[in-house]
Structures are given as C-alpha cells and as structure tokens.
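The values are calculated or read from the model by the stated rules, or taken from the named source; none is laboratory data. Note that the structure is predicted; figures quoted are calculated from it, not measured. For neighbour counting, all protein chains shown are included, and Cβ atoms are generated from backbone atoms with ideal geometry for every residue, glycine included. Heavy atoms of the whole protein, side chains included, go into the accessibility calculation; ligands, DNA and RNA do not. Shrake-Rupley method; radii C 1.70, N 1.55, O 1.52, S 1.80 Å.
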Amino acid sequence: MSKSSILIIKQLREVIFSKEIILDYRMKEQDFTRNRKQPFGRVLLFMLNLLKKSMVIEIDNFLQHLNSKLDCQKVQNFTSSAFVQKRKKIKPE
C-alpha cells in the first residue's frame with residue numbers, strides 16, 4: 001500500500017472513531033455513551049460497507065474481516081436486529 005493510502009486510512013480512522021463525530025451525529029444525547037458490542041465507529045463502518053447480501057451474511061463477513069485484522073481484541077458477534085436498532089440512533093446527515 002502506498003504512503004498516501006495509509007495516510008488516508010489513518011485520517012479516516014481518526015474521524016470515524018472521534019468523539020466529535022459521535023456528538024454531532026447521534027440522535028439523542030444518551031445514544032452511544034456506553035461501551036457496547038457495537039460502538040458508533042463500527043456501526044458506521046458496517047453501513048459504509050455497501051451491503052450486497054443478506055444482513056446475516058454481511059455481518060458474519062464483516063466480523064470475520066475485523067477479527068482477522070485485529071490482533072488484540074476480538075469483535076463480538078451481533079444480530080441484524082441489534083444493528084438496525086443502532087442504525088436508528090445515527091442521524092441521516
């Protein structure tokens with residue numbers, strides 16, 4: 001991967017997982033305040049994944065990809081219902 005690609009990925013990661021973006025784009029003040037299976041950044045990444053298959057297959061593929069790339073902490077499984085509920089807590093803008 002080129003240096004510019006790595007830089008872009010690092011900048012995107014900083015934006016997606018920043019506190020400011022969570023505060024700006026959550027629906028209510030109490031949304032995304034606790035540490036759960038689906039934090040704001042992961043929900044956003046999953047939404048940007050451009051879903052093409054069924055939700056269950058996409059969730060499994062997404063979690064397999066994340067778990068293969070993360071060395072320290074494994075990402076826990078979640079249901080499609082849980083994702084839909086979290087998605088409702090993000091402003092459409």
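Within the set of pairs 6+ apart or on separate chains, which have a first residue in the stretch 19-45 that is among the small types (Gly, Ala, Ser), a second that is modelled with pLDDT under 90 and open to solvent by less than 60 Å² (accessible area, probe 1.4 Å), and C-beta atoms under 8 Å apart? Partner pairs satisfying both residue conditions: GLY41/ILE16. Among the residues of the stretch 21-54, those identified as part of a helix (DSSP H, G or I), closer than 17 Å to SER80 by Cβ and either open to solvent by less than 50 Å² (accessible area, probe 1.4 Å) or basic (Lys, Arg) (or both) are ARG42, VAL43, LEU44, PHE46. Total residues in the stretch 1-16 satisfying the condition of being open to solvent by 100 Å² or more (accessible area, probe 1.4 Å) and assigned to a loop (DSSP other than H, G, I, E, B): the figure is 1. Scanning the stretch 55-76 for residues that are in a loop (DSSP other than H, G, I, E, B) and either open to solvent by less than 70 Å² (accessible area, probe 1.4 Å) or without any contact (Cβ under 8 Å) to a residue 12 or more places away in the chain (or both) yields a total of 6. Could you tell me whether any residue of the stretch 77-88 is part of a loop (DSSP other than H, G, I, E, B) and surrounded by 12 or more Cβ atoms within 10 Å (Cβ to Cβ)? Yes, there is a match, as at least one residue in the stretch 77-88 is part of a loop (DSSP other than H, G, I, E, B) and surrounded by 12 or more Cβ atoms within 10 Å (Cβ to Cβ).
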